[in-house]
Structures are given as C-alpha cells and as structure tokens.
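The structure appears below as structure tokens.
The values are calculated or read from the model by the stated rules, or taken from the named source; none is laboratory data. These figures come from a predicted structure and were not determined experimentally. Backbone-built Cβ (ideal geometry, glycine too); neighbour counts: all protein chains shown. Heavy atoms of the whole protein, side chains included, go into the accessibility calculation; ligands, DNA and RNA do not. Shrake-Rupley method; radii C 1.70, N 1.55, O 1.52, S 1.80 Å.
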Amino acid sequence: MTDSGVRSDRVSVAYYLPPREDDYSESNHYPSMFADDVARDLLPFGGEVEHKAVFQLSPNDERASKVIESAFAHHGGHGRYGRELSSILSGFGNQTAHSLVSNGADTFEVAPMNDANGQVIGFSVLRLLCVWRFAGFTLQTIPKNAVVDANCANPKPLNRRPVWIPRDRVVHTKLPREYRRVPSGLRALRHMGRAVPDFAIQNLNPDGTVQIPYDLKELRGIEQRAVATVTQSTGWNGRWTFGDAVTDYYTMRRFLRFEEFKIRLRRAVTGTINRILAVAGATVGFTAEVSLHHLPTLEDIAASRNDLAAGRLDVGEMMDQYSIHR
C-alpha cells in the first residue's frame, strides 16, 4: 500500500539479488558491450527523432495514455522533462532489448493497481527474474541469496516457496527466432577482451621471464575472428574490434546487417508492449496499441543494399541515414 492508498495487486514476489564475490571474476567484456550498444541505439532517448515521437498510441485516448504512462514510468531513466509516452516507452524498450540480447527472453507480470476501495485504476509492469514456464503458468522461484526489495510498496519477508503466476497476467517474449543463439554465443566470449590474458601471470617465472612462449598478437587475432564469427548473424562490429581485418565493403555490409537486426528487435519490443497493453486493457478497461514511426525500415535496408552493390553508397552518408540520434 502506498501513501495515496494505491496498491499493486501483484502475485510475484519483489526481491533483488545482491552482487556475489565471483560476479567480477569474468570480464564479460564483449557481451556487455554488445548489450549496451543495442540498448543505446535501438530507440532514441526521449522517444523522438527530429522532434517527432517514434511511439504513437491508437486510438489516441487521453485516459489510456495517462494510465499507460504511469504503468511504464519506472522503466528506463531517460527522456525529456515531463516524460511523455513515447519517451517512457523508449526507455522500457531499451531496457527490454538489453535483457533480450543478454538472456534471450524476458518475462513480465501485468498487475492491476487498486485504490483504497479496491477499485482497479491502472496497472503495473513487473519484470520477473528466475522464472520457469509450465502448461500456461509461470513459476517464479526465489533464490537462496535473494533479499526483500525495500523499494517496493509494502515489502514483505521473503517466502522461499515457488510462486505460481496465472497465465492471464503474464507476457513472455523472446529474441526473434533467427537470433536465438546470440546470447549463448556471446557468453562464450566472456573471458575475452582483457588487456592481460588470464594465464599471463601464472605463466611468469619468479624472475619475470615467460615459462611458455606465446604470441600476444596471434592471440588477439584469434579473439577478433571469434568475435566476428559469433556476431555474424547480427552484424555487430565489436566497436571496431576487427576493423583492420575487414574491407570497407564488408564493413558496410555488416553495418546494414546490424541495422536490420535492430529493426527486427524493435518490432519484437513493440509487439511485447502491445501484448502487455492487451492484458492490461482487459482488466483496466481500455483498448489501445502502439506503433513505431520515423525510424529505419526493412525497405530502407533493401534499398541501401542495392546502392551498396551498385557502388552508390558512401560510409558517412549511410551512417547518417540510419542514426536515430538526430
């Protein structure tokens, strides 16, 4: 219960996982960079491109808009003063993209918000951790190291028993099918990218000489090829990790592939938002969906590939064309 008497009628348990000592034993250099790059460039902070909102609500109902803004407001920390709907949904979309490329999937509980009289006045969108799905139900498990979330309204002591969440309030989303192997591939790179390899210190004699000779340049080349291979389906360039080993033509091809990946991911995120709105609308009493505008499309990608094949595409012009930070 909040100070205003508004209460979230959630079924799931609010908790967080404190960092463990071994959380920093792996660098996660490339997986973190990839997820950050996707989240940063998927949707514009502030929800606008050239002063035009990228998310548009249909029908444009003021009551529904305010309810939706309130439900998503705590997701994402970016936006203009006032946090309009497009800004709020962009923040949520970037968070969801980060979770999808890191974990492959994301799960939300859509919980009604009740006033002091028990009347449904809105809804909340709750991202769930540690969940399993069985026969239409979602099972939330509580890890042993979980700590009660004191920031949650009306926090309660943790009960370690699993929590069953009904299907009519759960929205589950995954990466598009063609990218399902991306998270596991990135996890395979988690030991790479350190300035000094793990074995380097153990490979030193007491006098500082090397026990077993190795070629650091060759090692870096192997890492670059591994990053290029794992990220091939998405087109990510590893922040120019392997730029010197790729010609300008293939650099541009990978760039367009990464833009295509982001377009398909934007569609998945928008579909997730609309499924949340469908679940919430059935309880709160509204019908609404959002659509994306003023961002690159798959048709733009096809046209750019034709221009690239014909030698009409300049690197600088191409990057300007697909920039969402204008």
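On the stretch given as the range 129-147, residues that are assigned to a strand (DSSP E or B) and open to solvent by 10 Å² or more (accessible area, probe 1.4 Å) total 7.
Taken over the range 109-139, the criterion of being modelled with pLDDT under 90 and small (Gly, Ala, Ser) is satisfied by 116, 118, 135, 136. If the condition is being modelled with pLDDT of 85 or more, in a loop (DSSP other than H, G, I, E, B) and either on the phi < 0 side of the Ramachandran plot or among the polar types (S, T, N, Q) (or both), then the range 301-313 contributes 310, 312. Could you check, for the range 49-63, whether at least one of its residues is closer than 23 Å to residue 235 by Cα and without any contact (Cβ under 8 Å) to a residue 60 or more places away in the chain? Looking through the range 49-63, none of the residues is closer than 23 Å to residue 235 by Cα and without any contact (Cβ under 8 Å) to a residue 60 or more places away in the chain. Scanning the range 93-119 for residues that are crowded, with 24+ Cβ neighbours inside 10 Å and out of contact with any Lys or Arg (no Cβ under 9 Å at 6 or more places or on another chain) yields a total of 1.
Taking the range 155-274 and the helices (runs of 4 or more DSSP H) fully enclosed by it, the elements with 3 or more residues that are open to solvent by less than 70 Å² (accessible area, probe 1.4 Å) are at 182-187, 216-230.
Filtering the range 275-300 to residues that are over 22 Å from the mean Cα position of the chain (by Cα), surrounded by 12 or more Cβ atoms within 10 Å (Cβ to Cβ) and assigned to a helix (DSSP H, G or I) leaves 281, 282, 283, 284, 300. Does the range 31-45 contain at least one residue that is in a loop (DSSP other than H, G, I, E, B), modelled with pLDDT of 90 or more and crowded, with 19+ Cβ neighbours inside 10 Å? Yes.
Kindly indicate whether any position in the range 317-326 is open to solvent by 50 Å² or more (accessible area, probe 1.4 Å), part of a loop (DSSP other than H, G, I, E, B) and within 30 Å of residue 68 (Cα to Cα). Yes.
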